[in-house]
Amino acid sequence: MATRLGLRGNDIELSMTKVGNVTENYYSKEYCLPLSDKQGNVVSIRAVGIKEISSTLEPVDVSKLVTLFEALEDHIPSSTTSPVTPITYGLEHTIKEERELALIDKGLKYDANNKLWTAHYPWIKDPKTLSNNVAVAIAKMKPLRGD
């Protein structure tokens, strides 16, 4: 896109932290992108080039599924079923998002006696390979305590 717009960028290195606290470094370019509104006012923003935000997904025809869910409108789950379902009910999701929601649902347990939910999320990386960040956590906590 930057090439099509005739933009020239400066080389930069990005550090991107993704789901599961997985950090990856990327080499890219930073561009100064002028934008103008309807009145002709120009504002420049800095934009970073990212080769791909997500992979290409094939479209899925879900039109026939709508009729299956119309009957459920009066039966949205109660608090003893997954709390994720009412939040995402009626929204369209990619296959990847559906898998992530199923993974979240699988890790949710309801304790009827204490009337509370506990959530277990699987590790993307083996926690034994993660660095010790106790010092960072303490440093971030100090301003919150007023130290």
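Computed from the coordinates by the stated procedures, all read-outs in this text should not be read as laboratory data. Computed from a prediction, not measured in an experiment: that's the story for all the values here. Every residue, glycine among them, receives a Cβ derived from its backbone with ideal geometry; neighbour counts consider all protein chains shown.
In the structure displayed, which of LYS115/LYS142; LYS18/LYS51; LYS29/LYS142; LYS115/LYS140 lie more than 24 Å apart, Cα to Cα? Mind dumping the intermediate values first?
Details: LYS115/LYS142 33 Å; LYS18/LYS51 16 Å; LYS29/LYS142 35 Å; LYS115/LYS140 32 Å.
Long pairs (Cα-Cα over 24 Å): LYS115/LYS142; LYS29/LYS142; LYS115/LYS140.
Subtracting the Cα-Cα distance from 0.36 nm times the residue separation, let me have the gained length for THR17 to ASP126 in nm, one decimal. Walk me through the numbers before you get to the answer.
Values: separation 109, 0.36 × 109 = 39.24 nm, distance 1.64 nm.
Here the segment from THR17 to ASP126 would lengthen by 37.6 nm.
Using DSSP to call loops (not H, G, I, E or B), can you name the chymotrypsin sites (Phe, Trp or Tyr not before Pro) in the stretch 107-147 whose Cβ has at most 15 other Cβ atoms within 10 angstrom? Taking the stretch 107-147 and a limit of 15 other Cβ atoms within 10 Å, the loop chymotrypsin sites (Phe, Trp or Tyr not before Pro) found are TRP123.
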